[in-house]
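Here the structure comes first, spelled out in structure tokens, and everything after it is commentary.
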Amino acid sequence: MTKVLTDARSIRIKGRSFLAVVLSPDLPFDDWLARLDDLAARSAGFFLGRPVVLDVTDLPIDRAQLKELLAEFSQRNVSIMGIEGARPSILGQGMPPALKGGRPVSDEAVAKEPVIELQNNPADSKSAVVESRQPLQSIIIREPVRSGQSVIFPEGDVTVIGSVASGAEVIAGGSVHIYGTLRGRAMAGSVGNASARIFCRKMEAELLAIDGIYKMAEDMAPSLRGKPVQLWLEGDTIMAETLI
Amino acid sequence: MGKVIVVTSGKGGVGKTTSSAALGAALAHKGDRVVIVDFDVGLRNLDLVMGAERRVVYDLVNVIQGEAKLSQALIRDKRLETLFLLPASQTRDKDALTPEGVETVITELKRVFDWVICDSPAGIERGATLAMRHADIAVVVTNPEVSSVRDSDRIIGLLDAKTAKAERGERIEKHLLLTRYDSNRAERGDMLKVDDVLEILSIPLIGIIPESMDVLRASNIGAPVTLADARSAPAMAYFDAARRLAGEVLPITIPGEKRGIFGKIFGRKAA
Ligand SMILES: Nc1ncnc2c1ncn2[C@@H]1O[C@H](COP(=O)(O)OP(=O)(O)OP(=O)(O)O)[C@@H](O)[C@H]1O
Ligand SMILES: [Mg+2]
């Protein structure tokens, strides 16, 4: 006789996606870790409770070196949920699992909808798959973002009518617009978009990032403090200027 | 139906209990029926500030667990006959409060009293969220310093997310009460400025309570400062705040800034 399951209840399986932070160290690790410590020290709690993926693609390291690196992370209470781009030979027992297919969300987005510049170049867009292009999304937050709150919107732009508190964060796949004082953290182009920008009416930010490039408050020209400012990316450098 | 006020702050020791007692007494002073509920289970304090510690028989937890009737647990103030206290338990732990129990008690109190004032414990965990749960109005108590302001900001975020009103899509009325304001320290520049606090928290101000020995003196004799010495500076500031809570519009003065323009210029230069 075949065995019959007596319990008719099925198991619920749900999919869920999280926005993970991807760390891509470079050699020598000592220097890179020093920079990581610097970033972590100045952006209190940034890595706390956030899924972190370690990307070791093209890094010429062996298993011992990877193990050492992982130990450095656990010392810093950064828990790595997976490793990307590792040759199977360097992965060992007790290490986080290898992750595959974790393309940056931008790959998908770009595949579906040809890049944002299209809006400025209507002539070019004819050659692209116009019919599959979806309008870029945006959300508007009509109140201040309070300390401890996060607004995460990988699909497009975030506009806040109000201030972003110290200890609060706004993470957008597109640009970030703050019609108030930016005291917390703002990350634009968070899923890979170098043309995203950050705008705010009054600059007091703790941390800024565009397309994964970070800038801390101390790295900013004092002349920008308290001013209306826009930030954008030129190569690997975040540029900033006051808005009149 | 009465209005439910939560007195909350995030950070500890900023003056929630002092303010709950002072505002409650000020509202009762003009004849409103007021009950102050101590939500700080395990650390009860309000009965001391109100001078009722020897009269506590039953407490909030007893009522919630069905061991006492609400009328048995309520303590009437010896000085004001419209002022009541519902004490917290000193022996139980925080988990003794259940959301359903709290709801039942608050609903019952709202029927009898004009004002139900909930003195919240510090923190942003269960105790604080239970205290704010059924509030119509929040008094956010803040000291003019960075960590207190940041915690208040977090609490405001919770008020807009975790209260029954917020979950029904309504907005809870929020007011800022700046306490322990020290004009000497403000002059020296080692305290946040009132304008800066207001700009960061962006909720309306209902009062600035000066740092004062009168508060300590009042708590030593077991009386809300508004009853101990109604003409002291903190008491007057609390009386005005209570009137603003009840809907009156009054100008707010910053303690210690009554000097003329000359003094101001001098102060700025020295800073
Ligand atoms: N305006 C004031 N001037 C001087 N002292 C004050 C003032 N307000 C409060 N205090 C003192 O500060 C201390 C803490 O006040 P209180 O107990 O009201 O704070 P709380 O926010 O209820 O604290 P907790 O978070 O522990 O419940 C007490 O000793 C009180 O007397
Ligand atoms: Mg207290």
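The values are calculated or read from the model by the stated rules, or taken from the named source; none is laboratory data. Here the structure is a predicted model, which means the values were calculated and not measured. Every residue, glycine as well, gets a Cβ built from its backbone with ideal geometry; the counts of neighbours run over all protein chains shown. In case anyone asks, the SASA skips ligands and DNA or RNA and just uses the protein heavy atoms, side chains included. Shrake-Rupley method; radii C 1.70, N 1.55, O 1.52, S 1.80 Å.
Of the residues that make up the stretch B:150-171, is at least one within 15 Å of ligand 1 (Cβ to nearest atom) and in a loop (DSSP other than H, G, I, E, B)? Within the stretch B:150-171 (the criterion being within 15 Å of ligand 1 (Cβ to nearest atom) and in a loop (DSSP other than H, G, I, E, B)), the answer is no, since none of the residues qualifies. Taking only the stretch B:1-35 into account, find how many residues are more than 20 Å from B:Leu158 (Cβ to Cβ) and either more than 12 Å from ligand 1 (Cβ to nearest atom) or within 14 Å of another protein chain (Cβ to nearest Cβ) (or both). Residues in the stretch B:1-35 being more than 20 Å from B:Leu158 (Cβ to Cβ) and either more than 12 Å from ligand 1 (Cβ to nearest atom) or within 14 Å of another protein chain (Cβ to nearest Cβ) (or both): 14 in total. Residues of the stretch A:128-149 that are more than 11 Å from chain B (Cβ to nearest Cβ) and modelled with pLDDT of 85 or more: A:Gln137, A:Ser138, A:Ile139, A:Ile140, A:Ile141, A:Arg142.
Summed over the stretch B:113-139, residues that are part of a loop (DSSP other than H, G, I, E, B) and within 14 Å of chain A (Cβ to nearest Cβ) total 3. For A:Gly184, are the conditions met, namely being more than 14 Å from chain B (Cβ to nearest Cβ) and either surrounded by 19 or more Cβ atoms within 10 Å (Cβ to Cβ) or over 15 Å from the mean Cα position of the chain (by Cα) (or both)? No; evaluated as a whole, the condition is false for this residue. Where helices (runs of 4 or more DSSP H) sit wholly within the stretch B:176-248, those with at least 1 residues that are over 26 Å from B:Ile155 (Cα atoms) occupy B:183-188, B:213-220, B:225-228, B:233-245.
Restricting to the stretch B:59-81, name every residue that is among the hydroxyl-bearing types (Ser, Thr, Tyr) and closer than 13 Å to B:Ala96 by Cβ. Walk me through how you get there before you give the answer.
Within the stretch B:59-81, the first condition is being among the hydroxyl-bearing types (Ser, Thr, Tyr), and the residues that meet it are B:71.
Matches in the stretch B:59-81: none.
Residues in the stretch B:131-146 that are away from ligand 1 (no atom under 12 Å from the Cβ), open to solvent by less than 50 Å² (accessible area, probe 1.4 Å) and either more than 16 Å from B:Ala161 (Cα to Cα) or at pLDDT below 95 (or both): how many?
Of all residues in the stretch B:131-146, those away from ligand 1 (no atom under 12 Å from the Cβ) come to B:132-138, B:145-146.
From what's left, open to solvent by less than 50 Å² (accessible area, probe 1.4 Å): B:132, B:134-138.
From what is left, the residues that are either more than 16 Å from B:Ala161 (Cα to Cα) or at pLDDT below 95 (or both) are none.
Number of matching residues: 0.
Among the residues of the stretch A:150-171, those identified as of a type outside the set (Val, Ile, Thr), in contact with a strand residue (DSSP E or B) (Cβ under 8 Å, 6 or more places away or on another chain) and within 14 Å of chain B (Cβ to nearest Cβ) are A:Ser150, A:Gly162, A:Ser163, A:Ala165, A:Ala168, A:Glu169.
Could you identify the single residue in A:Leu118, A:Leu33 that is surrounded by 10 or more Cβ atoms within 10 Å (Cβ to Cβ), at pLDDT 60 or above and of a type in the set (A, V, I, L, M, F, W, C)? Reasoning before the result, please.
Values: A:Leu118 fails: at pLDDT 60 or above.
Just a single option satisfies the conditions, and that option is A:Leu33.
Look at A:Gly167 and say whether it is farther than 25 Å from B:Ser148 by Cβ, assigned to a loop (DSSP other than H, G, I, E, B) and open to solvent by less than 40 Å² (accessible area, probe 1.4 Å). No: the conditions fail for A:Gly167.
Determine which member of the set B:Arg154, B:Arg150 is within 13 Å of chain A (Cβ to nearest Cβ), in contact with a Lys or Arg (Cβ under 7 Å, 6 or more places away or on another chain), more than 16 Å from ligand 2 (Cβ to nearest atom) and among the basic types (Lys, Arg). Full working, then the answer.
Working: B:Arg150 fails: in contact with a Lys or Arg (Cβ under 7 Å, 6 or more places away or on another chain).
B:Arg154 is the lone residue from the list that is within 13 Å of chain A (Cβ to nearest Cβ), in contact with a Lys or Arg (Cβ under 7 Å, 6 or more places away or on another chain), more than 16 Å from ligand 2 (Cβ to nearest atom) and among the basic types (Lys, Arg).
The single residue among B:Leu178, B:Leu227, B:Leu205, B:Leu216 that is more than 14 Å from chain A (Cβ to nearest Cβ) and open to solvent by 50 Å² or more (accessible area, probe 1.4 Å) turns out to be B:Leu216.
For the structure I just gave you, tell me whether B:Ala161 is touching an Asp or Glu at 6+ places or on another chain (Cβ under 6 Å), more than 21 Å from B:Ser19 (Cα to Cα) and more than 16 Å from ligand 2 (Cβ to nearest atom). It would help to see each step written out before you state the result.
Values: touching an Asp or Glu at 6+ places or on another chain (Cβ under 6 Å): no; more than 21 Å from B:Ser19 (Cα to Cα): yes; more than 16 Å from ligand 2 (Cβ to nearest atom): yes.
Considered against the rule, which asks whether it is touching an Asp or Glu at 6+ places or on another chain (Cβ under 6 Å), more than 21 Å from B:Ser19 (Cα to Cα) and more than 16 Å from ligand 2 (Cβ to nearest atom), B:Ala161 comes out as no.
So for the stretch B:184-192 (the condition being away from ligand 1 (no atom under 14 Å from the Cβ), free of Cβ contacts under 8 Å to residues at least 60 places away in the same chain and not polar (S, T, N, Q)), does at least one residue qualify? Talk me through it step by step, then tell me what you get.
From the stretch B:184-192, those away from ligand 1 (no atom under 14 Å from the Cβ) are B:187-190, B:192; that's our starting set.
From the residues that got through so far, the ones that are free of Cβ contacts under 8 Å to residues at least 60 places away in the same chain too are B:190, B:192.
If we keep only those that are not polar (S, T, N, Q) as well, we get B:190, B:192.
Yes, the stretch B:184-192 has at least one match.
Of all residues in the stretch A:170-227, count the ones that are part of a strand (DSSP E or B), touching a residue at least 60 places away in the same chain (Cβ under 8 Å) and hydrophobic (A, V, I, L, M, F, W, C). Steps first, please.
Quick first cut of the stretch A:170-227, residues part of a strand (DSSP E or B) only: A:170-172, A:176-182, A:185-188, A:198-203, A:207-210, A:213-216.
Okay, now just the ones that are also touching a residue at least 60 places away in the same chain (Cβ under 8 Å), so A:171, A:185, A:207, A:214, A:216.
Within this subset, residues satisfying the condition of being hydrophobic (A, V, I, L, M, F, W, C) are A:171, A:207, A:216.
Within the stretch A:170-227, residues that are part of a strand (DSSP E or B), touching a residue at least 60 places away in the same chain (Cβ under 8 Å) and hydrophobic (A, V, I, L, M, F, W, C) number 3.
Here is a yes/no grid of residues against (1) on the phi < 0 side of the Ramachandran plot; (2) out of contact with any helix residue (DSSP H, G or I) (no Cβ under 7 Å at 6 or more places or on another chain):
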{"site": "B:Leu130", "(1), (2)": "yes, no"}
{"site": "B:Val141", "(1), (2)": "yes, no"}
{"site": "B:Asp151", "(1), (2)": "yes, yes"}
{"site": "B:Ile155", "(1), (2)": "yes, yes"}
{"site": "B:Leu159", "(1), (2)": "yes, no"}
{"site": "B:Lys165", "(1), (2)": "yes, yes"}
{"site": "B:Glu170", "(1), (2)": "yes, yes"}
{"site": "B:Glu173", "(1), (2)": "yes, yes"}
{"site": "B:Arg180", "(1), (2)": "no, yes"}
